[in-house]
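For reference, the structure discussed in these notes is given below.
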Amino acid sequence: MIPLAVRGENGYRNYSSDILETLTFIHQAQDLGFTLDEVVRRKQRITALIEKYT
């Protein structure tokens, strides 16, 4: 669901804004009680619907 992050010279991971949105989505969904597996399945369904209708 999330590609490996590139690390800067300081060793910190550098994520794109798209990846940060995905991480935020996962965190918020887990706070609501969803498992990671449920989050992945819902994210895939949402992505498929967006691609279908845009």
Which of (1) exposed (fewer than 11 other Cβ atoms within 10 Å of the Cβ); (2) modelled with pLDDT under 90; (3) outside any helix (DSSP H, G or I) does Gly33 not meet, given it meets every other one? (2)
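Would you be able to say whether some residue in segment 3-12 is in a helix (DSSP H, G or I), loosely packed, with under 11 Cβ neighbours inside 10 Å and modelled with pLDDT under 95? Before the answer, list the steps.
Kept after step one, since they are in a helix (DSSP H, G or I), are these residues of segment 3-12: none.
There is no residue in segment 3-12 that is in a helix (DSSP H, G or I), loosely packed, with under 11 Cβ neighbours inside 10 Å and modelled with pLDDT under 95.
Given the criteria in a helix (DSSP H, G or I), surrounded by 10 or more Cβ atoms within 10 Å (Cβ to Cβ) and on the phi < 0 side of the Ramachandran plot, does Ile46 qualify? Full working, then the answer.
On the way: in a helix (DSSP H, G or I): yes; surrounded by 10 or more Cβ atoms within 10 Å (Cβ to Cβ): yes; on the phi < 0 side of the Ramachandran plot: yes.
Considered against the rule, which asks whether it is in a helix (DSSP H, G or I), surrounded by 10 or more Cβ atoms within 10 Å (Cβ to Cβ) and on the phi < 0 side of the Ramachandran plot, Ile46 comes out as yes.
The values are calculated or read from the model by the stated rules, or taken from the named source; none is laboratory data. Worth saying up front: this structure is predicted, and the values here are computed from it rather than measured. Here the Cβ is made from the backbone with ideal geometry for all residues, glycine too, and neighbour counts use every protein chain on show.
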